[in-house]
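Asks: Sharing a structure here in structure tokens format.
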Amino acid sequence: MKKRPMPEVHIEGFKEMSINGKTLEYLSPKSVFLPTNFPSELSVLVKPGVRVLMGQKIMIKEGRFGYPILSPISGTVKETIRKWHPSNKMIPMIEIENDFKEELVDTFKNLNPEKMTKDDLVNVMKDSGLLGMGGAGFPTYAKYETDKPVDQVIINLAECEPFITCDYTYVLNYPNELIFGLKYMIKASNAKSGVIALKNKEINNKLIDILMPLLENNMSLFLLNDVYPAGWERYVIEKVTGKSYGVLPIEAGVIVNNATTAITFGRLLKEGLVPSCKYMTVTGDAMSECGNVLMKFGTSVHELLDLFNNVKEDVDKEKTLMICGGPMTGNAMFSGDFVTTPTLGSVIALRQEQYIGRRYPHCLGCGTCAKHCPVNLSPYQIRRTLRSGDVDELIALGITKCIQCGQCSYVCPSHVELTSDMLIARDLVRKMKR
Amino acid sequence: MEKYLVIKGPYLRSADITKRNTSTIMRDVLIALLPSIAFAIYKNVVLVLINGIYSSIYHAIYPIITLILAPLTSLICEAISLWVMKKRGIKTFKDLVEELKVSYGIFPGLFIVLISPTYIPLWVLLVSVAVGEVVGKMLFGGFGQNIFNPALVGRAFMAFTFSSHLGDAYLTSYELTIDAYSAATPLTSYAKAGAASIDIVNNYGGMFNLLIGNYPGALGETSTIAILIGAIYLIIKDVIDWRIPVVYLGTMFFITMIIGFIMGQGLWFPLFQILTGGVAFGAVFMATEPVTSPKTHLGRIMYALLLGELTVLFRLVGNMPEGVATSIVTMNIVGLMINKYVTKLRVEDKLTKKNCYGLVIFLVFFVLLFVYDVVMGVK
């Protein structure tokens, strides 16, 4: 049987809103908050009252793929308090009060990347706690610590979710650092070449013009179709190399990194700046102003929203969504007072007055969701099976393959909440398997 | 602390952005039915009035009355069922009205009247509509939850319960005066005839007339050309998958062609089989109904192949005039199994020894039915 090509759906981008808006830097927040039990329990290395430098280890994630968490600012450690986290939970966080001195630790000063070996570079990634900033937050060094031959390093600049332009803005402002980061990522993996994959759409022409002259001999640009989910690792690899793989991209001889990760790595090697900041997009029709802001990890979103004059005065907040992350995979937050993390790319405020209280039809079984599922599932069937709670049947329907891209709910003509049912089904299967 | 709205994601919906949602899909179906409805009114009302052969004005405009009353009955039954069952959080009258807007209650009634004999007694029609609507749709849980096509449930109920009322009800008062229309419809003529002969086609004004649809038959089913216009509209609007009608009609054409050749007849025989009765209407509007047909390409092709064979079976072997309705209702159940199998096949994305059982069963059934059709269909 011929392999089914991945479905390609164009989604309206709404990216002009934030691109045409303000581009700000906000690198001196009053204090930053670092979660102590996300993604799992972390061991804390500092006591309250101690002064820490920017880049000093605050916490360590133990175990396989462990990594340190560095302080993004210099200042004083305060008591642990509970704050809203982008996962929509209130979790304990260490507060670090800023002393506005921006004092860096010595570890990463005067790095000489020219003379560094592959192992040195991987160790820098490890010591600096560099995380994938596309969303999954997988430690970057884990991708490079491999014995398998690497053919290509792909920089994922697809940014396929609507509204978000944080990678775009970072690359626009730091193109040299991107190329620098990619250069040493190639070195760290012994790859033959590097590819920057970005979408073929009008707004990206500016990036292409900037990046083209900077590319080195073993680097190239690759244009993806303007579809969703073009930024999905599997999609990018299949398009760029034509290969598919089992579990990890390394099986296809490829390492994929997000563009912001590459820039952060580039700045770490070039300026000694520890991974501590990234651009975040603030946008949506409920915001007074839209744009991008360069912010420290752990900044309270409240402060960032104030830079854009907060949500509009006339907006009824109970009829407005405060989305943390992209509109397809993000969470609606209870409160606008949560803290940012390295994987957070955007905060989107959307008005919902017109949709509240509307009555939608039942699923009409048109199969549109199945047609558009990137992993060949049939969401409508899984939803029906979920009601009977038949776990074996759910597994047979492939629920464990679901990537929660949100495509099924997006294309449904009846507004059926398929994606959340898929998540419930996936969690049910995982619980029963245990 | 300010509180924002919390709902489940994703927060963008193509239904909101592109304005293509279930309601516009159902509206497209209604638009696609317009040519058939227009032709039905032309043939059964306008032509009768022009020729001036009618007993009373009520009798002359009777088709229009049924076209209005049947959807209305179906809508009322829907409202009563919803109110009695109190599903989907219906508490006030306003909820009910809102729910009726998204449960599309007129469709079963509209479809039933279009596939019923034109002059069916009003009470028979309305009882059938009520049965189709309540038993076929609401008892299963309403729109989108039904296993069988509600319209065909009502039509099958009509065929098996009130069969004595159906025979004469096909002909308009004008058509009753034409001697050539010995039996009611071309299909009943063929069923009564001792042997296949092209005379049947000629009695009904030739092949071209069968295509246009000016011959006795069910209200909306006779004009293949009007149905074809609707089909093209639906395919362009991506409401139906072309695979089902094309494969269905193709299968029927192929099998009846073989049967025709064995009987020493030409190509008129398969064309006659496709152009008459509810085949075209069933292929375009009934077999493709999203709720009850399989959702994947492979599943749809398997479904349509078996459907074609079953229709030939019921029509030529079983000598049942309502072969299309019965075969589609039968295939609704088989389609469930096909869909389940194909869904799992798609997840694995390759054919292995372990998961090819369904295709093998399908092929065995397909070949057996094919042989049976050809052997028994010859007369």
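The values are calculated or read from the model by the stated rules, or taken from the named source; none is laboratory data. A quick note: this is a predicted structure, and the numbers were derived from the prediction, not measured. Neighbour counts are summed over all protein chains in view; Cβ atoms, including those assigned to glycine, are modelled from backbone coordinates with ideal geometry. For the accessible areas, the whole protein counts, side chains as well, though only heavy atoms, and no ligand, DNA or RNA atoms are used. Shrake-Rupley method; radii C 1.70, N 1.55, O 1.52, S 1.80 Å.
Asks: β-branched (Val, Ile, Thr), surrounded by fewer than 21 Cβ atoms within 10 Å (Cβ to Cβ) and within 9 Å of chain B (Cβ to nearest Cβ): which single residue out of A:Ile395, A:Ile356 fits that description?
Replies: A:Ile356
Asks: So which residues in the stretch A:40-60 are of a type outside the set (Ser, Thr, Tyr), open to solvent by 40 Å² or more (accessible area, probe 1.4 Å) and farther than 16 Å from A:Thr107 by Cβ, if there are any at all?
Replies: Across the stretch A:40-60, the qualifying residues are A:Glu41, A:Val44, A:Lys47, A:Pro48, A:Gly49, A:Val50, A:Arg51.
Asks: For A:Cys277, are the conditions met, namely being over 30 Å from A:Asp120 (Cα atoms) and not aliphatic (A, V, I, L, M)?
Replies: Criteria not met by A:Cys277.
Asks: So B:Tyr11 passes all but one of these: (1) aromatic (Phe, Trp, Tyr); (2) facing chain A (nearest Cβ under 8 Å); (3) assigned to a helix (DSSP H, G or I). Which condition number does it fail?
Replies: (3)
Asks: Being open to solvent by less than 30 Å² (accessible area, probe 1.4 Å), within 19 Å of the chain's Cα centre (by Cα), modelled with pLDDT of 85 or more and farther than 30 Å from A:Cys160 by Cβ is true for just one of B:Ala70, B:Ala38. Which residue is that?
Replies: B:Ala70
Asks: Quick check, is B:Leu49 more than 14 Å from every other protein chain (Cβ to nearest Cβ) and either without any contact (Cβ under 8 Å) to a residue 24 or more places away in the chain or in contact with a strand residue (DSSP E or B) (Cβ under 8 Å, 6 or more places away or on another chain) (or both)?
Replies: yes
Asks: So which residues in the stretch B:73-100 are among the charged types (D, E, K, R), within 14 Å of chain A (Cβ to nearest Cβ) and over 23 Å from the mean Cα position of the chain (by Cα), if there are any at all?
Replies: Answer for the stretch B:73-100, where residues must be among the charged types (D, E, K, R), within 14 Å of chain A (Cβ to nearest Cβ) and over 23 Å from the mean Cα position of the chain (by Cα): B:Lys87, B:Arg88, B:Lys91, B:Lys94, B:Asp95, B:Glu98, B:Glu99.
Asks: Among helices (runs of 4 or more DSSP H) lying entirely in the stretch A:138-213, which contain 3 or more residues that are over 30 Å from A:Glu62 (Cα atoms)?
Replies: Counting at least 3 such residues, we get A:166-173, A:175-189, A:205-211.
Asks: Return the total of residues in the stretch A:1-39 being polar (S, T, N, Q) and out of contact with any strand residue (DSSP E or B) (no Cβ under 7 Å at 6 or more places or on another chain).
Replies: 1
Asks: Still on this structure, I have one more. Can you tell me how many residues within the stretch A:119-158 are of a type in the set (D, E, K, R) and within 28 Å of A:Ser71 (Cβ to Cβ)?
Replies: 6
Asks: Let me ask another. Would you confirm whether any residue within the stretch B:346-362 is within 14 Å of chain A (Cβ to nearest Cβ) and on the phi > 0 side of the Ramachandran plot?
Replies: So far as the stretch B:346-362 goes, yes, one or more of its residues are within 14 Å of chain A (Cβ to nearest Cβ) and on the phi > 0 side of the Ramachandran plot.
Asks: List every residue pair whose Cβ atoms sit under 6 Å apart, with the two residues 6 or more apart in sequence or on different chains, where the first one lies in the stretch A:408-434 and is at the interface with chain B (Cβ under 9 Å from one of its Cβ atoms) and the second, anywhere, is of a type in the set (Phe, Trp, Tyr).
Replies: Hits for this filter: A:Ser414/A:Tyr360; A:His415/A:Tyr360.
Asks: For the structure I just gave you, tell me whether A:Ile323 is within 9 Å of another protein chain (Cβ to nearest Cβ), modelled with pLDDT of 90 or more, within 30 Å of A:Ser71 (Cα to Cα) and in contact with a Pro (Cβ under 8 Å, 6 or more places away or on another chain).
Replies: no
Asks: Okay, next question. Can you work out which of the residues in the stretch B:297-331 that are open to solvent by 10 Å² or more (accessible area, probe 1.4 Å) and β-branched (Val, Ile, Thr) is nearest to the other protein chains (Cβ to nearest Cβ)?
Replies: If we take residues in the stretch B:297-331 being open to solvent by 10 Å² or more (accessible area, probe 1.4 Å) and β-branched (Val, Ile, Thr), then B:Ile301 is nearest to the other protein chains (Cβ to nearest Cβ).
Asks: Shifting gears a bit: So, in the stretch A:311-331, exactly how many residues are without any contact (Cβ under 8 Å) to a residue 60 or more places away in the chain, aliphatic (A, V, I, L, M) and either closer than 17 Å to B:Arg13 by Cβ or in contact with a helix residue (DSSP H, G or I) (Cβ under 6 Å, 6 or more places away or on another chain) (or both)?
Replies: 2
Matching residues to (1) within 14 Å of chain B (Cβ to nearest Cβ); (2) within 19 Å of the chain's Cα centre (by Cα):
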residue: A:Asp285; (1), (2): yes, no
residue: A:Cys290; (1), (2): no, no
residue: A:Phe308; (1), (2): no, no
residue: A:Glu318; (1), (2): yes, no
residue: A:Phe338; (1), (2): yes, yes
residue: A:Thr341; (1), (2): no, yes
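Asks: For the stretch A:419-428, indicate whether the set of residues that are under 17 Å from B:Lys295 (Cα atoms) and crowded, with 17+ Cβ neighbours inside 10 Å is non-empty.
Replies: No - not one qualifying residue is present in the stretch A:419-428.
Asks: For residues in the stretch B:14-31 being within 7 Å of chain A (Cβ to nearest Cβ), of a type outside the set (Gly, Ala, Ser) and open to solvent by less than 20 Å² (accessible area, probe 1.4 Å), which is farthest from B:Ile229 (Cα to Cα)?
Replies: Per the criteria, the residue is B:Thr22.
Asks: Something else: Name every residue in the stretch A:145-188 that is more than 19 Å from the chain's Cα centre (by Cα), open to solvent by less than 10 Å² (accessible area, probe 1.4 Å) and among the hydroxyl-bearing types (Ser, Thr, Tyr), in order of residue number.
Replies: A:Tyr184
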